[in-house]
1. Within segment 50-73, which residues are over 13 Å from Leu11 (Cα atoms) and open to solvent by 60 Å² or more (accessible area, probe 1.4 Å)?
2. Taking interchain pairs and intrachain pairs at least six residues apart, which have beta carbon atoms under 6 angstrom, with the first residue in segment 50-66 and within 19 Å of Gln215 (Cβ to Cβ) and the second at pLDDT below 95 and in a loop (DSSP other than H, G, I, E, B)?
3. Across segment 23-49, what is the number of residues that are surrounded by fewer than 19 Cβ atoms within 10 Å (Cβ to Cβ), within 12 Å of the ligand (Cβ to nearest atom) and in contact (Cβ under 8 Å) with a residue 24 or more places away in the chain?
4. Taking Thr205 as the residue in question, decide whether it is within 23 Å of Lys82 (Cβ to Cβ), crowded, with 20+ Cβ neighbours inside 10 Å and at pLDDT 95 or above.
5. Count, please, the residues in segment 86-104 that happen to be under 10 Å from the mean Cα position of the chain (by Cα) and closer than 18 Å to Glu115 by Cα.
6. For Asp175, are the conditions met, namely being within 17 Å of Glu120 (Cβ to Cβ) and acidic (Asp, Glu)?
7. State yes or no: is Leu125 among the hydrophobic types (A, V, I, L, M, F, W, C) and crowded, with 21+ Cβ neighbours inside 10 Å?
Amino acid sequence: MIPPSLLQSGLSVHFNGPINQLAINIRFDIATPGITGIKGPSGCGKTSLLRAIAGLHHFPQGYCRLAEEIWQDDTVFLPPWKRPIGYVPQDGGLFSHLSVKKNLLFGMRLIPEKEPFFTEIVDALHLQPLLDRNTHALSGGERQRVAIGRALLTQPRLLLMDEPLSALDLDIKTDILFYIKDFLEKCKIHTLYVSHDAEELRMITTHILDWRSIQNTVLKK
Ligand SMILES: Nc1ncnc2c1ncn2[C@@H]1O[C@H](COP(=O)(O)OP(=O)(O)OP(=O)(O)O)[C@@H](O)[C@H]1O
């Protein structure tokens, strides 16, 4: 039986089976909102795990539930747009036909009452000079800051962040990292945060899942 604390706010994940070149058997439960770091060797499947939780990959056997909402089981598979998630992929995943400002406003259109955060987030992520720019000409670090801003503005119930600060200059990285941490804690957003950087994980996360401790087997086909 699922413990009551998990049903109220918990995240439960179990994926088993092959996808692309990867076969995976992974299981974890997180009882309360927090920032959960995920660490593991390159190529072990961290991005694939986040994409499966987002509904962008479909493991043949899987279970995924946030609080009382089942997103995947033997009979259910919610499409990504029905999952209350934010996703910051490694390349930012920006809409190339929209300006920076329109990328940021995209999520806010879904939740217009959250508008007060717009100025705060633009300032914290140093986005003001970029607002009218096209996204195709942004640097890697600029793309990441826009992607983070867009995800925070949607106030998701679950935020998936894949190496979100890897291209940022050191001089602004720490400030932005602590801003994200405060924002997520203030808004009580469940977050899964993938990074290779042990120091970054130590600073931002409330706890860390080591890939080895959540997997039974990972076999390359
Ligand atoms: N679209 C795809 N087609 C084929 N193989 C893929 C695809 N996406 C991922 N893989 C393979 O699946 C495995 C896991 O990839 P994934 O990107 O999930 O790992 P990762 O742990 O996030 O890696 P990294 O830390 O290097 O970003 C790798 O062997 C990768 O080559």
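1. Arg51, Leu56, His58, Pro60, Gln61
2. Arg51/His57; Ala52/Phe59
3. 5
4. Details: within 23 Å of Lys82 (Cβ to Cβ): no; crowded, with 20+ Cβ neighbours inside 10 Å: yes; at pLDDT 95 or above: yes.
It is false that Thr205 is within 23 Å of Lys82 (Cβ to Cβ), crowded, with 20+ Cβ neighbours inside 10 Å and at pLDDT 95 or above.
5. Matching residues across segment 86-104 total 1.
6. On the way: within 17 Å of Glu120 (Cβ to Cβ): yes; acidic (Asp, Glu): yes.
Taking the combined requirement at face value, the residue satisfies it.
7. yes
The values are calculated or read from the model by the stated rules, or taken from the named source; none is laboratory data. Treat the numbers as computed from the prediction; the structure is a model and nothing was measured. When we count neighbours, we look across all protein chains shown, and the Cβ atoms used for this are built from the backbone with ideal geometry, even at glycine. For accessibility, only protein heavy atoms count, side chains too; no ligands or nucleic acids. Shrake-Rupley method; radii C 1.70, N 1.55, O 1.52, S 1.80 Å.
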